[in-house]
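The values are calculated or read from the model by the stated rules, or taken from the named source; none is laboratory data. Source: prediction; values computed, not measured. So basically every Cβ, Gly included, is an ideal-geometry build from the backbone, and we count neighbours across all protein chains shown. Just the protein is used for accessible areas: all its heavy atoms, side chains included, with ligands, DNA and RNA removed. Shrake-Rupley method; radii C 1.70, N 1.55, O 1.52, S 1.80 Å.
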Amino acid sequence: QVQLVESGGGLVQAGGSLRLSCAASGSTSSIIVMGWYRQAPGKQRELVATIISGGSTNYADSVKGRFTISRDVAKNTVYLQMNSLKPEDTAVYYCRTMNRGVVFWGQGTQVTVSS
């Protein structure tokens, strides 16, 4: 079992920045990839960014150049630095990982970007 706890969401004006954190606990030794997803009202959950244990990253086209995912392996924590935020970035952001073929999700943190 892996537990994921997100933090750092909030309300920000367009053009502003936020930093999300996701702390993993439990059976974390086999975790290879961690990622951030988001779900806006009335829309499907979508990939935002992922990072694997070797440091390689992947981003959705909509956030490339604005968002940065990073990981502190010692702290079992993954971060999402979000800059130049847009109203269309408004969503609940979820942390996700997989351990031994089982997917785990965090509870989500709300990000609201006002215009």
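Could you say whether any residue in region 104-112 is open to solvent by less than 60 Å² (accessible area, probe 1.4 Å) and within 16 Å of Gly65 (Cα to Cα)? No, because not a single residue in region 104-112 is open to solvent by less than 60 Å² (accessible area, probe 1.4 Å) and within 16 Å of Gly65 (Cα to Cα). Among the residues of region 63-87, those identified as in a strand (DSSP E or B) and closer than 14 Å to Ala49 by Cα are Phe67, Thr68, Ile69, Ser70, Arg71, Val78, Tyr79, Leu80, Gln81, Met82.
Within region 46-71, the set of residues being among the charged types (D, E, K, R), under 13 Å from Gly35 (Cα atoms) and surrounded by fewer than 15 Cβ atoms within 10 Å (Cβ to Cβ) comprises Glu46 only.
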